[in-house]
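For reference, the structure discussed in these notes is given below.
The values are calculated or read from the model by the stated rules, or taken from the named source; none is laboratory data. A quick note: this is a predicted structure, and the numbers were derived from the prediction, not measured. Please note: Cβ atoms are built from the backbone with ideal geometry, for glycine as well, and neighbour counts cover all protein chains shown.
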There are 2 protein chains.
Amino acid sequence: MLTVVKIGGKILEDAQAQKEFCTQFAQIPSPKILIHGGGRTATTIAEKLGVETQMIEGRRVTSTEMLEVAVMVYAGLTNKSIVANLQALKCQAIGLCGADLDLIRAEKRPTEATNYGWVGDVKKVNAQALQSLLNLGSTPVIAPLTHDGKGQLLNTNADTIASEIASSLTDYEEVRLIFVFEKKGVLENIEDENSYFETLSYAQYQAQKQAGSIHEGMIPKLDNGFATLQKGVKEVIIGQLPKDNDIEKMIGTRLELSV
Amino acid sequence: MLTVVKIGGKILEDAQAQKEFCTQFAQIPSPKILIHGGGRTATTIAEKLGVETQMIEGRRVTSTEMLEVAVMVYAGLTNKSIVANLQALKCQAIGLCGADLDLIRAEKRPTEATNYGWVGDVKKVNAQALQSLLNLGSTPVIAPLTHDGKGQLLNTNADTIASEIASSLTDYEEVRLIFVFEKKGVLENIEDENSYFETLSYAQYQAQKQAGSIHEGMIPKLDNGFATLQKGVKEVIIGQLPKDNDIEKMIGTRLELSV
């Protein structure tokens, strides 16, 4: 079973939390792939460099200058820091972005409706190249950047990249996708940390969504997760990595197409 | 024959010059490896971020903040920009630093004499991992950063990395090392662009050095080049990549252990 783990930016911003995460991740049996988000470091660096952060409807616009910052922070600082930490734990990490080995080909998002700048929508994952790296015994660590095949790097949502990578590899082996999350899982009651669903079927999700009990911010992540299951990924879990290496016992919400 | 190419920072700073270089590099028959330097972009970014560039005897001191800038610029901006350009030319580039796949293990330089900060001296190249990547048909593009195996990234001279990589791979195949240079080669007379040596033997070099006709700045590069020949690298050339793909006809100075 291949384990694909997506981790958000927040954990990565704190050096100590990043090390703890790496210790947990290193214990997951191989083969495995890590996809990391960006986080606020890019915003901080952009501010220091005098690059303005533009937002449209809560989404960041990737200007040319902001793309440079994203490449520096995601593919440079964050990616290599994780790799160095994993290497110290004897995990044979290899830090990459979507341009490397043509791993993730994307298309610049059309600008008719809204111009998000240098943002890419995934067109094709080079699953064969990823599989070759896994066969070498290495652990790809992937920054959320793609390319258009014509020399242009593009900014792409890390959740999307994780799902696309996970589903592209189902031809080779069984795949489990884990979205590491600050909560214990998808909460039924946002006020109660312990109210997480251990499992959430698609039917349940639809009912909960209609009842308004799913937090708005979770909806794209859950839609994405269920779509990934539909594409043949065996398990999608939203939660926290276990302290020991037993993923079967990890705390979180397991998505299920049907109960 | 494996071709290892080292390119300095200057060419990389200009987008057009970088593209032209990539076009030439892409035409070199595989297997090949590119090692790139840092260049002044790091200094520019550091200035904008308010990170001071400290120099001791003409050498940059790598403070914690400067190391972060180096990682962002070398492993992020410069490395991924080259990779995206090479991918657009159908060259299956994979951008890495010395921490990835434990490619280049280094040791922090001792601070007794002078404290250069987070600078690493190369201890071991993972030639087997590089060879595996070459066997996949990929072209490693390597940023001048190493790691200590304990989670610490280190700044390392790109010429040294190129030499260490070239000599580490001689067990697998014949290796040619090219230092791409702004001049046509090693000049006998620095005032005359066309006065380059077509070949330079170690004996000639010693004689020219004593006569004071070798430019001071070239001496570490040449010492490095001759040492690399002694370690079994077949050819070391300092010069310019050819416009067509015929390396045999490239303009430059070929170093020779003896004439």
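The figures follow:
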{"read-out": "Residue ID - surrounded by the fewest Cβ atoms within 10 Å (Cβ to Cβ), chosen from residues in segment B:92-115 that are more than 25 Å from B:Val141 (Cα to Cα) and not hydrophobic (A, V, I, L, M, F, W, C)", "value": "B:Glu112"}
{"read-out": "Restricting segment A:181-229 to residues that are of a type in the set (Phe, Trp, Tyr) and in a loop (DSSP other than H, G, I, E, B), the residue that is nearest to A:Leu257 (Cα to Cα)", "value": "A:Phe197"}
{"read-out": "Lone unmet requirement of (1) over 22 Å from A:Ile178 (Cβ atoms); (2) in contact with a strand residue (DSSP E or B) (Cβ under 8 Å, 6 or more places away or on another chain); (3) not hydrophobic (A, V, I, L, M, F, W, C) for A:Glu47", "value": "(2)"}
{"read-out": "Check on A:Thr170, over 24 Å from A:Arg60 (Cα atoms), surrounded by fewer than 20 Cβ atoms within 10 Å (Cβ to Cβ) and at pLDDT 95 or above", "value": "yes"}
{"read-out": "Any hit, segment B:112-119, residues being among the hydroxyl-bearing types (Ser, Thr, Tyr) and facing chain A (nearest Cβ under 10 Å)", "value": "no"}
{"read-out": "Among the residues listed as A:Ala99, A:Ala75, the single one being modelled with pLDDT of 95 or more, within 14 Å of chain B (Cβ to nearest Cβ) and farther than 21 Å from B:Ala46 by Cβ", "value": "A:Ala99"}
{"read-out": "Residue check, B:Thr62 surrounded by fewer than 18 Cβ atoms within 10 Å (Cβ to Cβ) and more than 9 Å from every other protein chain (Cβ to nearest Cβ)", "value": "no"}
{"read-out": "Members of segment B:132-155 that are assigned to a loop (DSSP other than H, G, I, E, B) and either within 10 Å of another protein chain (Cβ to nearest Cβ) or modelled with pLDDT under 95 (or both)", "value": "B:Leu136, B:Gly137, B:Ser138, B:Ala143, B:Asp148, B:Gly149, B:Lys150, B:Gly151, B:Gln152"}
{"read-out": "Residue satisfying all of: in segment A:16-38; over 30 Å from A:Tyr172 (Cβ atoms) and more than 10 Å from chain B (Cβ to nearest Cβ); surrounded by the most Cβ atoms within 10 Å (Cβ to Cβ) among these", "value": "A:Glu20"}
{"read-out": "Some residue of segment B:50-59 being facing chain A (nearest Cβ under 10 Å) and of a type outside the set (Lys, Arg)", "value": "yes"}
{"read-out": "Sole exception among (1) modelled with pLDDT under 95; (2) in a helix (DSSP H, G or I) for A:Glu112, by number", "value": "(2)"}
{"read-out": "Selection status of A:Ile165, of a type in the set (A, V, I, L, M, F, W, C) and within 14 Å of another protein chain (Cβ to nearest Cβ)", "value": "no"}
{"read-out": "Which listed residue is crowded, with 24+ Cβ neighbours inside 10 Å, of a type outside the set (Asp, Glu) and in contact with a helix residue (DSSP H, G or I) (Cβ under 9 Å, 6 or more places away or on another chain), from A:Leu133, A:Leu187", "value": "A:Leu133"}
{"read-out": "Options B:Thr3, B:Thr62: the member that is in contact with a Phe, Trp or Tyr (Cβ under 6 Å, 6 or more places away or on another chain) and of a type in the set (Ser, Thr, Tyr)", "value": "B:Thr62"}
{"read-out": "Number of positions in segment A:230-259 that are without any contact (Cβ under 8 Å) to a residue 24 or more places away in the chain and in a loop (DSSP other than H, G, I, E, B)", "value": "1"}
